[in-house]
Amino acid sequence: MFDLGLTLPFTLGLVTAINPCGFAMLPTWLGYFLAGDAADREDRPEQVLRGLLVSLVMAGAFVLVFGTLGLAVTHLTTEESIARRTPWITVLVGILLIGYGLTLLAGRKIRLPTPKIRRGPGSSELWSVFGFGVSYAIVSVGCAAPIFLLQIAGSFGRDGILEGTATYLAFAAGMTAVVASLTLSLALARGGLVRHLRRLLPFMDRIGTFALVLGGAYLVVYGIYEIRLLRNPATSSNPIVDAVTDLQSHLTNWVVQSGGARVGLALWLVVLTAVIWGIGPAMTREARQTGWTVVGMAWLLGEGIAHRGELVLFPVGRLVLDWPTRMANWTGTPGRWAVPLEALLTLVVVTTLVILARPAFRRR
């Protein structure tokens, strides 16, 4: 499914989305998306298109910054010079996110002077989303830049313009797969289930703003730790940074062990399915049939022929069957890295089932 020469940059794109420096920015981005103007009154097609558009803009800003970084290091400055400045920017971004989150918690909305499209998915503040993507990239420079400069930016000099461009696009596709799949999942959740239970929306807003404040606080802690480390390499470790880094390392190892191409293909299949399902009501019957035919063929090729059910179907099935055992281990091994993620996923699933079952009980 993937050319061997593009598998590595594609995997690097996936891993860069969860790099140690910018790891907190990913849930913070979801909180930003959740706490912002979510257009709750829009129909499902508009919700999905909006989620797809803002995720593409955010990921596009990220890879654009890294591309600019590659040019700058080649012609204008050094990697070390950039690395010494980014921790200060990390602290500044964290302070801004904390301030923005606290402002939302106080019941106030910050209206940024950004161009808006009156209808369709462009109704969100695309320039603020672009700025978030730029911030995400800058925060990630300290950890992700060395690998990017060696494997991605360096490919232009090693392999030429065409192959270098293909390598850069593969990196972008990997990064975008993570952001788009998470953002679309959140858009569908908010635009579908929560949209029918308006009383839950304030809680969703508060969860989003809490994620902003928490992510911003971590960025301040991490930025200060990086500054101290640059001044004194013998600086003692920070328990908060160590805990988050440990979780990020396990996720990165899981991506690498599972195979970056496999994980990325699964994410893009989920994105394709979510988009077709989301915009289906706005499509003509013929277009909808064509869309689902494309989705079915994609799943048949990826899940069936290429991976024989081991892409999503069987792994998810084994995970579901193994879930009671995992829950039983929560008390025995509470320090296991996957426990917070398992607990969060369990809470989301239980809440979803309750929301789905509630109308049936009301009718009875």
Exposure-ranked with fewest Cβ neighbours within 10 Å first, 250, 307 stand as 250, 307
Considering only C-alpha atoms, what is the centroid distance from the stretch 156-172 to the stretch 216-288, in Å?
23
Normalised by the empirical 2.2 N^0.38 Å for globular proteins, what value does the Cα Rg of the stretch 213-364 take?
1.44
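Please arrange 159, 322 by counting, for each residue, the other beta carbons lying within 10 Å of its beta carbon, fewest first.
Details: 159 14, 322 10.
Going from least to most buried by this count: 322, 159.
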Starting with the highest mean, order 100-106, 6-12, 326-332, 239-245 by the number of other Cβ atoms within 10 Å, averaged over the residues of each peptide.
6-12, 100-106, 239-245, 326-332
If R₀ is 45 angstrom, what is the calculated FRET efficiency for the pair residue 343 and residue 106, using the beta carbon separation as r and rounding to 0.05?
0.95
Where labels lie 7 Å past Cα in the beta-carbon direction, separation of residue 329 and residue 127 in nm:
5.0
With +1 on each Lys and Arg Cβ and -1 on each Asp and Glu Cβ, and nothing else charged, work out how big the dipole of the stretch 265-337 is about its Cα centre, in Debye to the nearest 20.
120
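Give me 155, 135 sorted ascending by neighbouring Cβ count inside 10 Å, so fewest comes first. Intermediate results must be reported in sequence, preceding the final value.
Numbers: 155 23, 135 26.
Fewest-to-most Cβ neighbours within 10 Å comes out as 155, 135.
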Roughly how many nanometres apart are two label points built 7 Å out from the Cα toward the Cβ at residue 84 and residue 158?
2.9
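Readers should treat all values here as calculations from the given coordinates under stated rules, not as data from a laboratory. Please read these numbers as outputs of a predicted model, since none were measured by experiment. Note that each Cβ is placed from the backbone with ideal geometry, even for glycine, and that neighbours are counted across all protein chains shown.
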